[in-house]
Amino acid sequence: MTVPVGAEITFYVTSVDVQHGFKIQNTNVNMQIVPGQVSKLTMSFEDPGTYDFICTEYCGSAHAQMYGRLIVEG
Ligand SMILES: [Cu+2]
């Protein structure tokens, strides 16, 4: 995901299987993701850079592969 610096970004996160977590490192974005519900959080990133995000809830054998990267472009 790539977003512009300073833009208001709304995350809508859900799960089709089990409970997960969604945390963007070095920010206060940290949500619990529950099957059948949508977690919503709005945030703007004021510092350009690369932000890793991870699953924070042990969700099964592929838990360690649940990560990604958000790029904030200035
Ligand atoms: Cu997980």
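Summing +1 for each Lys or Arg and -1 for each Asp or Glu among the other residues whose beta-carbon sits under 11 angstrom from that of residue 52 gives +2. Cα convex hull, the chain: 78 Å³ per residue, rounded to a whole number.
Taking the 1.4 Å solvent-accessible surface of the chain as the whole, the part contributed by carbon and sulfur is 49%. In the full protein context, the chain carries 64 Å² of accessible surface per residue, based on a 1.4 Å probe and ignoring ligands, DNA and RNA. Counting only DSSP beta bridges with both residues in the chain, the antiparallel share comes to about 85 percent.
Give me the net charge of residue 66's neighbourhood, meaning all other residues with Cβ under 13 Å from the Cβ of residue 66; Lys, Arg count +1, Asp, Glu -1. Combined, the nearby Lys, Arg, Asp and Glu give -1.
The values are calculated or read from the model by the stated rules, or taken from the named source; none is laboratory data. In this text the structure is predicted, and so the values were computed from the model without any measurement. As a convention, Cβ positions derive from the backbone with ideal geometry for all residues, glycine included, and neighbour counts pool all protein chains shown. For the accessible areas, the whole protein counts, side chains as well, though only heavy atoms, and no ligand, DNA or RNA atoms are used. Shrake-Rupley method; radii C 1.70, N 1.55, O 1.52, S 1.80 Å.
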